[in-house]
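The values are calculated or read from the model by the stated rules, or taken from the named source; none is laboratory data. Everything numeric in this text was worked out from a predicted model, so none of it was measured. Glycine gets a Cβ as well: all are built from the backbone with ideal geometry, and neighbour counts include every protein chain shown.
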Amino acid sequence: MAQTIADIWWMMLAGAMGITALVLGLVAAAMLRRPAPEDGEGGAALWLWGLGLGFPVVTLAALTVYGLLMGERLLPRNAANLVTVEAEARQWVWSFGYADAPGLVTKDVLHIPAGRPVDVRISSRDVVHSFWVPRLAGKLDAVPGHVNVLRIEAGAPGTYAGQSAEFSGTGYREHTFTVEAHGPAAWSAFLQGAP
Amino acid sequence: MSQTGRHRTALSLHKALARIWAPEPGWRGWLTTSNNNDIGRLFLCVATAFFVIGGLLAMLIRAQLATPGSAFMGPEAYNQVFTMHGTVMMFLFAIPFFEAMSMLLLPGMLGTRDLAFPRLGAYGLWVYIFGGTAVIIAMLMGLAPDGGWFMYPPLTSAGFSPGLGADVWLLGITSIEVSAIATAVEVVVTVLRYRAAGMSLSRMPIFAWYILVVSVMILTAFPPMILGSLLLEVERALDWPFFQVENGGDPLLWQHLFWLFGHPEVYIIFLPAAGMIATILQVMARTTLLGYGWVVAAAVSLAVLSFGLWVHHMFTTGIPHLGLAFFSAASTLVAVPTSVMIFSWIGTLWKGRVRMEPPMLWLVGFYATFVIGGLTGVMLAIVPFNWQVHDTHFVVAHLHYVLIGGYVFPMIAAVYFFQPLLTGRSSFFRLGGVAFWLVVPAFHITFLAVHVAGLLGQRRRTWTYDEGQGWEVLNLVASIASFVMAIGFALVILDIAVNTFAGLRGRRNQWGATTLEWAAANPSPNYGFASIPIVQGRYPLLKDPDLALRIAKGEGYLAETSRNRRETLIVATATGAPSQVVVLPGNSILPFLLAVVTSASFLAPLFKAYWLSAIALLGVVIIALIWVWRLAPAKIEGLVDAGHGAMLPLASETADPPGWWGSLFLLLADGVHFGSLLFGYAFLWTVAPNWPPPSYLRPEVWTVGLALGGATALALGPRLIGRWIDRMVAPGLLVASLGTLALTAAAASVMIARPTPAGHAYDATLWLLAGHTAFHAGITLIMLAYVVLRRIAGHSLRIGEVRIVTLWADFTAATGLVALGAAWLPGALG
């Protein structure tokens, strides 16, 4: 998922640099130019219809469609081996619960199986927070009274850093957590072995 | 000499007008003046002072972030500093600064002598000064808000922010928004009605179009924010649970109301700067704007589109997927009108011959910066990318590119460009060039580094960061460059200050501009034009360089000074044909006093002094009545000689006096406020958890009857007066007054039936709906009482006054019926 977003970024960066160069080049050319008095108002159609209207309509339509298509890939889809976990935020602790192990709660460490899609059901006990594991997915807010569902999937076992991403007061900076992605054996050991 | 001139020379006309338009001498003159030159200058200086304060706060932020683990500030102080930096720059600098520029320049551009409601302008200035000062004093006392400039509850609710800070923000900022709405009403009516003879809409200078669009946007975008602040303040003070989930509220309601304001706000700040760019660019290129009609259409469509974008600030709040697609597309679409403007301006440069004066230099700075800011904005509209960089320093860098590149740089260009007109002097020292080469490169170094830090995951609003994240070098570079930038901005201010007092006396119209403001003397006198210009085209000075001389000699309209009062011309909105003569008010302390009591009523709740607030509100009513009473002439005067053989009615004796137009646009803002309230009600009903409430209010037949009867009487009464102005005044007043009382009684019945607004968000909303109805019925009743008092005092009643009362009565009746209907609807259905 993070790779998809990185692809979008590099594509947009290249486009943006090209457009910036084009616009600034035109500004420079326009400023250096010394038109003859008889030139008159020629070229108005090109500036307004062509560059003003046509150019952004074409590029933006392409970009929006591209962004939406890429966005589709990031959407949760039905998956057979789906795992559901709960993430509840409060100032300034994350508590994680597990559908496969009722009663089990971990603080500031979220355990997930690697290589399987995971739905994180995000909620808040007090103010607005946001759940964000940069290497696994974009962020989604934890809003009191609402449950937002975020699909994440860790490609390989390991530790992934996570943090809250909505300002929540003096402890905001330290409001972080980690995600532990386990292989199949370690995952079932976690579900069973943990108290 | 023309047929109008009683004055034989331009000098004697100048002397007579200067005397009539002079402020009072001494320090008292500053408190009583309402002239746009004086008010605009004060406004500009105060806004610049707030820019300096906001800049100092920015330097504190960069000092803190220069190194990891900095011990300079702790999170408590840092949270106040970044909240105040955003708040000061957005509310106390950016909006007031362009308002000040338009106050100073608009009458000249339009060929009129002052703005439509000079005293309202003075009132807006003082409310802004009092509200802004209160916010800064609170900060110096360590009581600043610390919840971020968008103040998301529940973090800013009483439970999580018990101190005064959030109240300071809500009350202080709301009073400043009141000031902005006052100015917006003034600007809209000025542009639509107060222009040179023959200046049709399509002949208006391009800046007038921009500022008209911006002012309508202020009237439609600020009310949701004012409602949001009202809800949050009432929740904090009285525990009415609008944002508390357990009692039927929803914190997302705040986010919707805030960004309904917050996104248009970005364009409210950008469009005046764009208007300046279009104005300056054509003069710097010695030509006229390419595609005037295109640019006007682009400004209007940008304004419309900007209201469809607010949700893009909430992409991470769990909005449904289809909604995301819609708002993502709308967010990229907004780049199209911007592109039309950008390329129209480049085309203007292309067809002209550019000279590199200081204003042009800053416009180059604008291009180099704003294009990048616009493109990162397009990136942020792409949802998957937004999910990743939302609330990182990437967003911080983006918004600084847009706001500094798109607003501050063009405004500096505007100050250099209009300096000869405002101060009578042109640049002498070349400090400005040095400042430019400090500010612009340092800006790019600072915020390119901040972009990258955001992409590497640095979150905004964290008071420090740990070593080893790869952010150290970036932040240090950003901090050093930001200090260079600050020195550059200080040099800009110094340069302009020095030029103001020691620059060379400039000659008239030193740039060879083609619009009317440059036909005034240098600096522009308080009366603006010795006579109202007659224009035949969009660029009056282009084909007619002697126009300035003829205006000064009194060859336009209203060169007559024998009536010994401040007069200017009102034209037909579309064609610009002279249609009325308006008498503008003279010096008065009333605007200052009204601002004092208004500010007191806003600030007293900070100290829980609700009694003081109530007394101050009573003071507002009394002073407003005295204000209106003194302005209205006692006798009907008939047609007056406007010059050029035109006998025109006085504005106060027409059916659509400026007060009617002003009421119309104020009610537009009021209507949007009411619409926002209905939106909030519907939002809570459909989205908030813990709905429905335990029980609904069931309407009684007699309360519904009261509401219907009251609204009908309210609509009928003023019409009786207007139709038969000689015979039906007393019955009409009686019917209308009974109508306000019946409507108030119906509203009171809602409150009595649901006595606990703190119990559930539903009850709290009912109280607001009923309160809205009763409040407007009260205003209408005060207006009716005013008419009664005028009659008793023997003054003649004018049709314009009746039509103003009709407007307010109709609004009260219509919104009252909708409000009470909405309150009763769920109970009637269930």
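Within the stretch A:153-167, being at the interface with chain B (Cβ under 8 Å from one of its Cβ atoms) and either part of a loop (DSSP other than H, G, I, E, B) or out of contact with any Ser or Thr (no Cβ under 6 Å at 6 or more places or on another chain) (or both) holds for A:Ala165, A:Glu166, A:Phe167. Residues that are farther than 15 Å from B:Gly228 by Cβ and either in contact with a strand residue (DSSP E or B) (Cβ under 8 Å, 6 or more places away or on another chain) or surrounded by fewer than 20 Cβ atoms within 10 Å (Cβ to Cβ) (or both) within the stretch B:668-693 comprise B:Leu668, B:Gly671, B:Ala682, B:Trp685, B:Thr686, B:Val687, B:Pro689, B:Asn690, B:Trp691, B:Pro692, listed in sequence order. Residues B:Ser737, B:Ser749: which one is within 35 Å of the chain's Cα centre (by Cα) and farther than 19 Å from B:Gly249 by Cα? That would be B:Ser737, the only listed residue that is within 35 Å of the chain's Cα centre (by Cα) and farther than 19 Å from B:Gly249 by Cα. Looking only at residues in the stretch B:637-649 that are farther than 22 Å from B:Pro118 by Cβ and aliphatic (A, V, I, L, M), the one that is surrounded by the most Cβ atoms within 10 Å (Cβ to Cβ) is B:Ala646. Within the stretch B:643-656, not a single residue is assigned to a loop (DSSP other than H, G, I, E, B) and either without any contact (Cβ under 8 Å) to a residue 12 or more places away in the chain or within 30 Å of B:Tyr762 (Cβ to Cβ) (or both).
Out of the residues in the stretch B:162-211 that are closer than 20 Å to B:Gly40 by Cα and among the acidic types (Asp, Glu), state the one that is surrounded by the most Cβ atoms within 10 Å (Cβ to Cβ). Here the residue is B:Glu186.
Only residues that are surrounded by fewer than 23 Cβ atoms within 10 Å (Cβ to Cβ) and touching a Leu at 6+ places or on another chain (Cβ under 9 Å) were counted across the stretch B:353-363, and they come to 2. Would you confirm whether any residue within the stretch B:138-147 is in contact (Cβ under 8 Å) with a residue 60 or more places away in the chain, assigned to a helix (DSSP H, G or I), of a type outside the set (Val, Ile, Thr) and surrounded by 24 or more Cβ atoms within 10 Å (Cβ to Cβ)? For the stretch B:138-147, residues in contact (Cβ under 8 Å) with a residue 60 or more places away in the chain, assigned to a helix (DSSP H, G or I), of a type outside the set (Val, Ile, Thr) and surrounded by 24 or more Cβ atoms within 10 Å (Cβ to Cβ): absent. Against the test of being closer than 28 Å to B:Glu517 by Cα, surrounded by 14 or more Cβ atoms within 10 Å (Cβ to Cβ) and modelled with pLDDT of 95 or more, the options B:Ile61, B:Ile39, B:Ile53 yield a single qualifying residue, B:Ile39.
Each residue in the stretch A:47-65 was checked for being closer than 15 Å to B:Val340 by Cβ and facing chain B (nearest Cβ under 8 Å), and 9 pass. What number of residues in the stretch B:290-325 are closer than 21 Å to B:Phe150 by Cβ and within 12 Å of another protein chain (Cβ to nearest Cβ)? The total comes to 8.
Output yes when any residue across the stretch A:66-80 is on the phi < 0 side of the Ramachandran plot, modelled with pLDDT of 85 or more and more than 9 Å from chain B (Cβ to nearest Cβ), and no when none is. Checked against the condition, which is being on the phi < 0 side of the Ramachandran plot, modelled with pLDDT of 85 or more and more than 9 Å from chain B (Cβ to nearest Cβ), the stretch A:66-80 yields no hits at all. None of B:Val729, B:Val735 is at pLDDT below 95 and β-branched (Val, Ile, Thr) except B:Val729. Restricting B:Val571, B:Val621, B:Val628, B:Val596 to those that are modelled with pLDDT of 95 or more, closer than 30 Å to B:Pro25 by Cβ, under 28 Å from the mean Cα position of the chain (by Cα) and not acidic (Asp, Glu) reduces the list to B:Val596. Do we have A:Glu86 as modelled with pLDDT of 90 or more and either among the charged types (D, E, K, R) or in contact with a Leu (Cβ under 6 Å, 6 or more places away or on another chain) (or both) here? Yes. Per the conditions (1) part of a helix (DSSP H, G or I); (2) among the β-branched types (Val, Ile, Thr); (3) buried (at least 22 other Cβ atoms within 10 Å of the Cβ), the sole criterion not satisfied by B:Val395 is (3). Total residues in the stretch B:271-328 satisfying the condition of being crowded, with 22+ Cβ neighbours inside 10 Å, more than 30 Å from B:Trp518 (Cβ to Cβ) and of a type in the set (Gly, Ala, Ser): the figure is 2.
When the criteria are applied in full, A:Val83 fails the requirement of being away from every other protein chain (no Cβ under 12 Å) and under 25 Å from B:Gln80 (Cα atoms). Applying the criterion of at least 2 residues that are among the aromatic types (Phe, Trp, Tyr) and in contact (Cβ under 8 Å) with a residue 12 or more places away in the chain to the strands (runs of 3 or more DSSP E) found wholly in the stretch A:75-146 leaves A:93-98, A:129-132. Against the numbered list (1) closer than 30 Å to B:Arg203 by Cα; (2) buried (at least 20 other Cβ atoms within 10 Å of the Cβ); (3) not β-branched (Val, Ile, Thr), B:Arg508 comes up short only at (2). The set of residues from the stretch B:454-505 being of a type in the set (Phe, Trp, Tyr) and surrounded by fewer than 18 Cβ atoms within 10 Å (Cβ to Cβ) comprises B:Phe483, B:Phe501.
Among the residues making up the stretch B:118-151, those that are touching a Phe, Trp or Tyr at 6+ places or on another chain (Cβ under 9 Å) and farther than 30 Å from B:Glu235 by Cα are B:Arg119, B:Gly121, B:Ala122. Just one of the listed residues (B:Trp463, B:Trp511, B:Trp471) is touching a residue at least 12 places away in the same chain (Cβ under 8 Å), closer than 26 Å to B:Ile551 by Cα and touching a helix residue (DSSP H, G or I) at 6+ places or on another chain (Cβ under 7 Å), and it is B:Trp511. Of the set (1) of a type in the set (Val, Ile, Thr); (2) away from every other protein chain (no Cβ under 11 Å); (3) without any contact (Cβ under 8 Å) to a residue 12 or more places away in the chain; (4) closer than 30 Å to B:Val396 by Cα, all apply to A:Thr170 but (2). The condition (being at pLDDT 95 or above, surrounded by 18 or more Cβ atoms within 10 Å (Cβ to Cβ) and of a type in the set (Ser, Thr, Tyr)) is satisfied by just one residue among B:Ser652, B:Ser663: B:Ser663. Exactly one residue out of B:Arg790, B:Arg754 is farther than 28 Å from B:Ile626 by Cβ and in contact (Cβ under 8 Å) with a residue 12 or more places away in the chain: that is B:Arg754.
Mind checking whether some residue in the stretch B:540-550 is touching a residue at least 60 places away in the same chain (Cβ under 8 Å) and either aromatic (Phe, Trp, Tyr) or under 28 Å from B:Gly638 (Cα atoms) (or both)? No, there is no match, as no residue in the stretch B:540-550 is touching a residue at least 60 places away in the same chain (Cβ under 8 Å) and either aromatic (Phe, Trp, Tyr) or under 28 Å from B:Gly638 (Cα atoms) (or both).
The stretch B:511-606 holds helices (runs of 4 or more DSSP H) entirely within its bounds, and those carrying 3 or more residues that are of a type in the set (A, V, I, L, M, F, W, C) map to B:547-552, B:590-603.
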